[in-house]
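The values are calculated or read from the model by the stated rules, or taken from the named source; none is laboratory data. On a predicted model such as this, the values are computed, not experimentally measured, just so you know. Quick reminder, even Gly has a Cβ in these numbers, built from the backbone with ideal geometry, and neighbours come from all protein chains shown.
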Amino acid sequence: MLEVSTLKADREVEAIMTMSERQIEALGFTEHSKRHSGIVSKWSGEILRALGKAPERVRLAELAGYLHDIGNCINRKDHAQSGALLAYKILTRLGLDCGDAAEIMMAIGNHDEQYGVPVSDVSAALILADKADVHKSRVKKNITNVSLADIHDRVNLAAERSFITVDQTLAVITLNIEINTEICPVMDYFEIYFNRMQLCRRAAEFLHCRFSLVINGVVLL
């Protein structure tokens with residue numbers, strides 16, 4: 001049975017993720033490599049587990065979460081689609097059933113807010129987990145003057161903590177974020193994440209849940 005630990009130990013996956021991060025750093029984006037992939041993998045699985053999904057669905061979500069950004073090794077543009085194709089090749093080489101590999105390919109191809117839509121429980125969990133990861137550790141630049149930083153960097157630098165909770169009884173999936181408003185106002189978060197929050201709402205609805213956003217203890221959605 002293919003597990004995330006196998007992906008982490010695979011030389012091809014390692015090489016692609018290393019190259020992905022090299023390109024992302026050159027472009028000046030926030031971190032999209034092992035730290036982010038590990039968190040998204042973990043949270044994708046936890047969302048489906050909390051909703052009572054079968055262990056096999058949880059495992060597919062974890063695999064999709066770990067590989068979802070490998071398309072960045074080709075180009076940031078359309079990275080979801082190129083990454084989906086790369087993932088299918090890797091997963092089948094490692095012995096995953098072609099049907100399961102296709103399921104993961106579809107989820108990865110739909111995780112980006114520009115073109116993506118929730119089309120399965122795996123893809124919905126991946127969308128929610130991916131968009132939830134906002135944290136100061138994702139900023140790799142040496143920023144000495146935060147006020148002059150790019151808005152994406154400011155928002156991530158201000159994010160002290162972010163996590164997802166699932167209330168199966170109330171059918172609510174909540175993204176909780178703690179933002180240091182001395183670094184940036186909460187409105188900056190909405191300026192860059194509004195489309196992503198809309199996609200999260202659709203993903204939660206696909207899972208028959210309501211999406212809620214809580215920032216600094218205040219319910220905003």
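Mind listing just one residue for me: the one in the stretch 173-184 that is out of contact with any Cys (no Cβ under 6 Å at 6 or more places or on another chain) and not in a loop (DSSP other than H, G, I, E, B) and, of those, nearest to R196 (Cα to Cα)?
At the first step, the residues of the stretch 173-184 found to be out of contact with any Cys (no Cβ under 6 Å at 6 or more places or on another chain) are 174-184.
Now narrow it down to the ones that are not in a loop (DSSP other than H, G, I, E, B): 174-179.
On the way: T174: 14, L175: 12, N176: 15, I177: 14, E178: 18, I179: 17 Å.
Among those that are out of contact with any Cys (no Cβ under 6 Å at 6 or more places or on another chain) and not in a loop (DSSP other than H, G, I, E, B), it is L175.
Between D78, D69, the distinction of being over 13 Å from A129 (Cβ atoms) and of a type in the set (D, E) belongs to D78 only.
If I filter the stretch 3-24 for residues that are modelled with pLDDT of 95 or more and within 28 Å of F211 (Cβ to Cβ), do I get at least one hit? There is at least one residue in the stretch 3-24 that is modelled with pLDDT of 95 or more and within 28 Å of F211 (Cβ to Cβ).
Checking A125, A204, A159 one by one, the residue that is of a type in the set (G, A, S) and over 22 Å from K34 (Cα atoms) is A204 and no other. Consider E25 carefully, then state whether it is within 13 Å of the chain's Cα centre (by Cα) and not small (G, A, S). No, not satisfied. Scanning the stretch 107-143 for residues that are crowded, with 24+ Cβ neighbours inside 10 Å and hydroxyl-bearing (S, T, Y) yields a count of 1.
Per the conditions (1) among the small types (G, A, S); (2) more than 15 Å from L221 (Cα to Cα); (3) exposed (fewer than 15 other Cβ atoms within 10 Å of the Cβ), the sole criterion not satisfied by A149 is (3). Count of the stretch 160-169 residues, restricted to those that are over 17 Å from V139 (Cα atoms) and touching a residue at least 24 places away in the same chain (Cβ under 8 Å), is 4. Look at (1) over 23 Å from V119 (Cα atoms); (2) surrounded by 20 or more Cβ atoms within 10 Å (Cβ to Cβ); (3) touching a strand residue (DSSP E or B) at 6+ places or on another chain (Cβ under 7 Å); (4) not β-branched (V, I, T) and you find that N156 fails only one, number (3). So is F163 among the aromatic types (F, W, Y) and either crowded, with 20+ Cβ neighbours inside 10 Å or part of a strand (DSSP E or B) (or both) or not? Considered against the rule, which asks whether it is among the aromatic types (F, W, Y) and either crowded, with 20+ Cβ neighbours inside 10 Å or part of a strand (DSSP E or B) (or both), F163 comes out as yes.
Could you please let me know if S82 is closer than 21 Å to E31 by Cβ and surrounded by fewer than 18 Cβ atoms within 10 Å (Cβ to Cβ)? The answer is no for S82.
Of all residues being among the charged types (D, E, K, R) and either without any contact (Cβ under 8 Å) to a residue 40 or more places away in the chain or closer than 17 Å to E160 by Cα (or both) in the stretch 173-204, which is surrounded by the most Cβ atoms within 10 Å (Cβ to Cβ)? Just the residue, please.
At the first step, the residues of the stretch 173-204 found to be among the charged types (D, E, K, R) are 178, 182, 188, 191, 196, 201-202.
Then keep just the ones that are either without any contact (Cβ under 8 Å) to a residue 40 or more places away in the chain or closer than 17 Å to E160 by Cα (or both); that gives 178, 182, 188, 201.
Values: E178: 16, E182: 8, D188: 17, R201: 19.
Out of the qualifying residues, it is R201.
Among the listed residues E46, E25, E21, E31, which satisfies the condition of being surrounded by fewer than 16 Cβ atoms within 10 Å (Cβ to Cβ) and either of a type in the set (D, E) or closer than 20 Å to I90 by Cβ (or both)?
On the way: E46 fails: surrounded by fewer than 16 Cβ atoms within 10 Å (Cβ to Cβ); E21 fails: surrounded by fewer than 16 Cβ atoms within 10 Å (Cβ to Cβ); E31 fails: surrounded by fewer than 16 Cβ atoms within 10 Å (Cβ to Cβ).
Among E46, E25, E21, E31, only E25 is surrounded by fewer than 16 Cβ atoms within 10 Å (Cβ to Cβ) and either of a type in the set (D, E) or closer than 20 Å to I90 by Cβ (or both).
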